[in-house]
Amino acid sequence: MKIHQLSLFLENKPGQMTEPCRVLARAGIDIRTLTLADTQRFGILRLIVSDWQQARGLLEDAGYVVNITEVVAVEVADRPGGLAGLLDLFEGSDVNIEYMYAFTFGREGRAVLIFRFDNPDGAIERLRAAGLNVLADVEVYHRIAV
Amino acid sequence: MKWEEPGGTFHAASAPDYIPRPQMRELQLARLRAVVRRAYDHVRHFRERLDARGFTPPDVRTLEDIAHLPFTTKADLRDTYPFGLFASPMSDVVRLHASSGTTGKPIVVAYTQQDLEVWTSVMVRAFAACGLTHGDIVQNAYGYGLFTGGLGAHYGAEALGATVIPVSGGNTDRQIMVLKDFNVTAICCTPSYFIHLLERAGELGVNIRELPLRVGVFGAEPWTESMRRHIEIEGGIQAFDIYGLSEIIGPGVSIECPYHDGLHVFEDHFYPEVIDPESGRVLADGEEGELVLTTLSKQAMPMIRYRTRDITALASGPCPCGRTVRRIARIGRRSDDMFIIRGINVFPSQIETALLAVEGTLPHYQIILTRVRGLDAMEVQVEVTPEVFSDKIGALETLHDRLLYALDQTLGLRVEVTLVAPRSIQRSEGKAKRVIDRRNLSSEARHEDSPTIALPRK
C-alpha cells in the first residue's frame with residue numbers, strides 16, 4: 001500500500017519551479033500535494049500527482065532527472081495530538097522516518113500525512129495494527145478530489 | 001659587471017645576456033651536443049626514440065639539426081613517473097620539485113648541485129633585468145614548497161645580494177604589514193595576488209603608492225596589459241613579467257627588461273623554438289606558434305625539445321636594452337586545455353579523474369574561472385545524473401562534499417562545487433567547452449575606466 005512520489009532536482013535560482021509545473025499542467029495532470037526541500041545550494045521538489053507514470057515520462061522528456069520513491073500516506077484525525085499519537089507507534093522500533101509532510105483536504109477533521117520511511121513495509125504493518133488508514137495512490141487522489 | 005658562469009667558466013665582459021650572436025650560437029651548439037649525448041647515454045626513453053629514428057648524438061652538427069630530434073611532451077613525463085627521465089643517479093640529485101600533471105599524478109623534476117647553481121644564476125640575471133641590486137629588500141610571496149616559484153626566486157634574490165623576506169604565499173594582512181614595516185622595495189608573486197594585495201591594502205587604509213616598493217616581478221600565470229596598467233598605477237611600481245616552468249627549471253627561463261617588449265630568454269641555458277602545434281614544423285622568428293624549449297645545460301633532467309603548449313612568437317631583433325638574447329612575446333594562451341589558477345596548473349582531465357572516482361561515471365561538467373577581488377576563483381558545475389540523484393537532501397549534500405574533497409585532494413586547491421540541473425550545461429557540436437574563463441574579461445571590464453598614464457619606458 002505504498003504510493004509513488006516524484007522527486008525533481010532544482011537549482012537554487014528564481015523560476016526553477018515554474019517549468020515542471022507547466023509541463024504537468026499542459027498534460028492535465030493534477031498535483032495532489034508537493035513539498036520543496038531546499039538547501040543553500042539546491043532544492044528537491046517532491047510531488048504526489050494524479051498519474052505518476054505519465055508525469056514521470058513527461059518530466060523526463062523535458063530533461064528532468066526524476067526519482068520515484070515509494071512513500072506511505074496515512075489518514076489521521078486533524079486534531080491536536082494526531083501526529084504525536086502516530087509517532088508513538090515508532091518509538092523504540094527499527095523504523096526510521098527520513099522525512100514527512102502533511103496536508104489537509106476537503107473532508108472536515110481529517111488530514112493526510114506522507115512519510116518516507118527507511119523500512120516502509122515494517123511501518124505499514126505497525127500503522128495497520130494500530131487501526132490507521134494507510135492510503136493507496138487512487139485513494140489519495142480521491143480524498144483530495146472530494 | 002663581471003659574470004661567473006656556474007662550473008667556473010669566466011666571462012670577462014658581462015652576463016651572457018649581452019654576448020654577440022655568433023658566439024651565443026657557438027655556445028648553444030656545443031651545449032646542445034653535450035646535452036643530447038648526456039640524455040642518450042642516461043635516459044632510456046630518449047635513447048630508444050633516437051635509435052628508432054636511426055639518429056645518433058654525433059648527428060647533431062648544427063643548431064638547425066635540433067629539428068631532427070623528437071619532442072618531449074607532458075605525456076612522456078607522466079609515462080615515466082616519477083624518475084624515468086632522470087639522467088643523474090639519485091645520489092647526485094640534491095633537490096626534487098613537483099608540479100601538477102594531466103591526471104592525478106604530479107610531474108617530478110630533479111636538480112643536481114650544478115643545476116641549482118644554473119637556476120640561481122638565471123634568477124640573478126632575471127632580477128638584474130628588473131633593475132634590482134644588492135640593496136633591494138625583496139618580499140618573496142611565491143609559495144615555498146614543491147612549487148618551484150618560492151625557492152627559485154628565493155635563492156636568486158639572495159645570490160643577487162638582496163635582502164630576502166621569505167614570507168611565502170597567503171596571509172594577506174601579514175603581507176601588507178611586512179610590505180609596510182620592512183621597507184620592501186620589490187615583491188615576487190602572481191599578478192592576480194598582487195591585485196588582491198592592493199585591494200586589501202586599500203581596505204586597511206594602506207596606500208601602497210606611498211611605500212618604498214618600486215618593482216614587482218610577476219609570473220606563474222598569464223596576465224594582460226590592462227592588469228599591468230592597473231598594477232603599475234595603483235601600486236606605484238614597475239611590473240615585470242617573468243616566465244618559466246618546472247619541467248625546464250622553474251621561474252627564470254625568461255624575463256622582461258625595462259622596455260617591456262617581450263621576455264628575454266636565457267638562451268645560453270634554454271634553447272627556444274617556436275613550432276606549428278599541428279605539424280610540428282619549426283617556424284621562423286616572428287611567426288606565432290607553440291614554444292618548445294631545450295635545456296642546454298641541465299644535468300639531472302635534460303629536456304630535449306619540450307613542448308610547453310604556450311603560444312608565443314620569437315623576436316630576434318635588437319632590444320634597446322642591449323641584450324642580444326632573443327625575446328618571446330608575452331604568453332596569452334595555450335595550445336592545450338591547461339589553465340593556471342593561483343599559480344597552479346590545472347588540466348580538465350584532472351577534474352574528470354576526480355569526478356569519475358566519486359560518481360563511477362563521468363557526469364557533464366563545466367569549469368568556470370572568475371577573478372573575485374583580484375583573486376582567481378574556480379567553480380566546477382556538475383550535472384546531477386539519474387544515477388546519483390536522490391530524493392533525500394542528505395544524500396545530495398554528501399555527494400557535494402565528496403566531490404569537493406576529491407577535487408581538493410587532486411588539485412591541491414580549494415574550489416567551489418555546484419550541482420546543477422541535468423542538461424543545463426550547454427552541449428557543443430564538437431569538443432565540449434569545458435572551461436569558461438571569465439577572468440580576463442572581468443579584469444578588462446573593471447579596469448577600462450582607469451586613466452591611461454604614460455609610464456617612463458621606451
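None of the figures in this text is laboratory data; all of them are computed from the coordinates on show. Keep in mind it's a predicted model, so treat the numbers as computed, not measured. Note: ideal-geometry Cβ built from the backbone for every residue, glycine included; neighbour counts use all protein chains shown.
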- [ ] Read phi for every residue in region B:271-280 and hand back ³J(HN,Hα) as whole Hz from Karplus 6.51 cos²θ - 1.76 cosθ + 1.60, θ = phi - 60°, with x for Gly and Pro.
- [x] 8, x, 9, 10, 10, 6, x, 7, 8, x
TODO: Return the calculated 222 nm mean residue ellipticity for the protein assembly as shown, to the nearest 500 deg cm²/dmol, obtained by summing -39500 (n - 2.57) across DSSP H runs with n ≥ 4 and dividing by the residue count.
DONE: -9500 deg cm²/dmol
TODO: Please give, to one decimal in nm, the separation of the simple spin-label points placed at A:Arg41 and B:Ala98, each 7 Å out from Cα toward the Cβ.
DONE: 2.7
Task: Within region B:138-179, backbone nitrogen closer than 17 Å to the virtual label 7 Å beyond the Cα of B:Leu204 toward Cβ - done: B:138-142, B:165-179
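Could you give the dipole magnitude of region B:3-336 about its Cα centre, charging the beta-carbon of Lys and Arg +1 and that of Asp and Glu -1, in debye to the nearest 20? All intermediate terms of the calculation are to be shown ahead of the outcome.
Working: 34 positive and 41 negative charges, 98 e Å.
Charge dipole, region B:3-336, about its Cα centre: 460 debye, nearest 20.
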Task: Two-site FRET efficiency, B:Arg423 against B:Leu63, from Cβ-Cβ distance with R₀ of 51 Å, rounded to 0.05 - done: 0.40
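I'd like the per residue volume of the convex hull spanned by the Cα atoms of region A:71-145, given in cubic angstrom.
Per-residue hull volume (Cα only) is 81 Å³.
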TODO: Give the Rg/Rh ratio for region B:3-336, taking Rg as the radius of gyration of the Cα atoms and Rh as the Kirkwood radius, to two decimals.
DONE: 0.97
Task: Förster-model FRET efficiency, 30 Å R0, B:Gln113 and B:Ser316, C-beta, rounded to 0.05 - done: 0.35
- [ ] Give the long-range amide H neighbours of A:Tyr99: residues separated by 5 or more places, or on another chain, with amide H under 5 Å away, using H modelled in the peptide plane at 1.01 Å from N.
- [x] A:Arg116
Open item on the list: Skipping prolines and chain starts, which residues have an amide H placed within reach, meaning under 5 Å, of the one on B:Arg309, given they are 5 or more residues away or on another chain?
Closed with: B:Leu291
Task: Sorted largest first, extent of region A:3-69 alpha carbons per principal axis (Å) - done: 31, 23, 18
Open item on the list: Taking just the alpha-carbon atoms of the protein assembly as shown, what radius of gyration and Dmax come out, in angstrom?
Closed with: 31.9, 104
TODO: Sticking to Cα atoms, compute the Rg of region B:105-167 to one decimal and its Dmax as the biggest Cα-Cα distance, whole number, in Å.
DONE: 12.0, 41
Open item on the list: Please list, short to long, the whole-number percent of alpha-carbon pairs of region B:207-303 in consecutive 10 angstrom bins beginning at zero.
Closed with: 14, 37, 32, 14, 4, 0
Task: 20 Å Cα-Cα reach of B:Lys180 towards aspartates and glutamates, excluding residues that sit fewer than 8 places from it in its own chain - done: B:Asp136, B:Glu199, B:Glu203, B:Glu210, B:Glu232, B:Glu234
Task: A:Asp78-B:Glu379 FRET efficiency (beta carbon distance; Förster radius 41 Å; 0.05 resolution) - done: 0.35
TODO: Positive end of the charge dipole of region A:3-69 (Lys, Arg +1 and Asp, Glu -1 on Cβ, about the Cα centre): tell me which of A:Ile48, A:Ala62, A:Leu34 has its Cα farthest that way.
DONE: A:Leu34
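In which sequence would B:Glu117, B:Glu203 go, from the one with the fewest C-beta neighbours within 10 Å to the one with the most?
B:Glu203, B:Glu117
Go through A:Lys13/B:Lys433; B:Lys74/B:Lys105; A:Lys13/B:Lys392 and tell me which ones have a Cα-Cα distance over 21 Å in this structure.
A:Lys13/B:Lys433
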Task: Unit charges on C-beta of K, R, D, E only; dipole of region B:224-301, Debye - done: 300
Open item on the list: 5 Å is the cut-off here: which amide hydrogens, built 1.01 Å from N in the peptide plane, fall below it relative to B:Ile107, excluding neighbours closer than 5 in sequence?
Closed with: B:Ser99, B:Ser100, B:Gly101
- [ ] Please name which of B:Met24, B:Gly170, B:Ser100 has its Cα lying farthest along the dipole of the protein assembly as shown towards the positive end, using unit charges on Cβ (Lys, Arg +1; Asp, Glu -1) and the Cα centre as origin.
- [x] B:Met24
TODO: State, to one decimal in nm, how far the label point of B:Arg333 lies from the label point of B:Asn171, with both points 7 Å from Cα in the Cβ direction.
DONE: 4.0
